[in-house]
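Report on the following structure.
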Amino acid sequence: MQNLSIGKIRNLQQCTTPHGAIAILALDHRNNLRQALNPTQPQAVSESEMVHFKQEVVGMVAPAASAVLLDPEFGAAQCIASGALPGRAGLLCAVEASGYGGEPTARSSQILPGWSIAKAARMGANAIKLLVYYHPHSPTAGEIESLVQQVAEDCASQDLPLFVEPLSYSLDPSVKQLPSAERRQVVIETARRLTVLPMDVLKAEFPLDIATEPDQSVWAEACAELSKASRTPWVLLSATVSYEDYLRQVAIACQQGASGVAVGRAVWKEAPLLKGQERADFLLQTARHRMERVTALCDALARPWTTYYQAAPPPADWYKSYA
């Protein structure tokens, strides 16, 4: 059991269910969302379209989640100002710029220019999310680790928990996606390396490719290995898998030690191409039901984050030295 600051403990409480599960509705998408809203001309998607879509999804689906992950460009402040984000839901705010720099086989990440952890704290965020493109054997691995370390220190100064989302990639330019066995190695080694840094929750990919590995006993072995490698609670992202496939992943991941989810497109991916009342009906009925089901599954099966962290009992004069 690790000690966390009072501020981090309280913020994690705000982002989780009463049972200690993490059930985050993820909607910090930017470039991917433009593509979803207008597959033929993503550059034609306006700022107002991006904002309106996020407000619709959050307003109708967030009541079924313990927290919502939003970006500062089109989502966080806009959903607070419009009342779409429920007051009871925690708010995670992304800090990274969309996309990556460098070469496809040696990727780099950066903080969104003009944005900061301090600004996120002032606007009411309960936690920070940092997405990085990471391969343990990439030439930029050390650079990414330094970025995580710096963001973690900035989060500590604001008493905000840090969720780190490493996305794997191939070091072979002729290979677009990692084969399942290599993906398992990379995802697990990434957990081993990054969770020794002062981050608080790992937002992890499913540690193999279910399209080429159908044996669910192998899924369980890989998730158990990931739980053993991670020194922090970990939650499962949804990537581009279908909702039904994601449910299967969630059940196995939580049974093997995951503390919950950060789910985006598996819940709402049909919505961008719907309009008006048809979109509203889908979000309020189908997408919300999906989120409710995922949250209930996490509550039933996930390892509570409170089995990792506790607040040390504050001394009588704790407030005098609290920084």
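The values are calculated or read from the model by the stated rules, or taken from the named source; none is laboratory data. Worth saying up front: this structure is predicted, and the values here are computed from it rather than measured. Neighbour counts are summed over all protein chains in view; Cβ atoms, including those assigned to glycine, are modelled from backbone coordinates with ideal geometry.
The set of residues from region 145-196 being farther than 24 Å from Val68 by Cα, part of a loop (DSSP other than H, G, I, E, B) and among the acidic types (Asp, Glu) comprises just one member, Asp172. Considering region 116-144, the residues that are β-branched (Val, Ile, Thr) and in a helix (DSSP H, G or I) include one that is nearest to Tyr100 (Cα to Cα), namely Ile144. Reported count of residues in region 111-138, each being free of Cβ contacts under 8 Å to residues at least 40 places away in the same chain, surrounded by fewer than 14 Cβ atoms within 10 Å (Cβ to Cβ) and farther than 17 Å from Cys79 by Cβ, is 3. The residue list Leu202, Leu162, Leu167, Leu194 contains one member that is surrounded by 16 or more Cβ atoms within 10 Å (Cβ to Cβ) and either modelled with pLDDT under 95 or over 26 Å from Ala220 (Cα atoms) (or both), which is Leu162.
Restricting attention to region 247-282, the residues that are under 27 Å from Val45 (Cβ atoms) and surrounded by fewer than 24 Cβ atoms within 10 Å (Cβ to Cβ) add up to 16.
Residues in region 277-323 that are among the small types (Gly, Ala, Ser) and at pLDDT below 95 were compared, and the one that is farthest from Ser238 (Cα to Cα) is Ala316.
Pairing each residue of region 234-245 that is under 14 Å from Ala287 (Cβ atoms) with any residue that is among the hydroxyl-bearing types (Ser, Thr, Tyr), provided the two are 6+ apart or on different chains, yields C-beta distances under 6 Å for Ser238/Tyr246.
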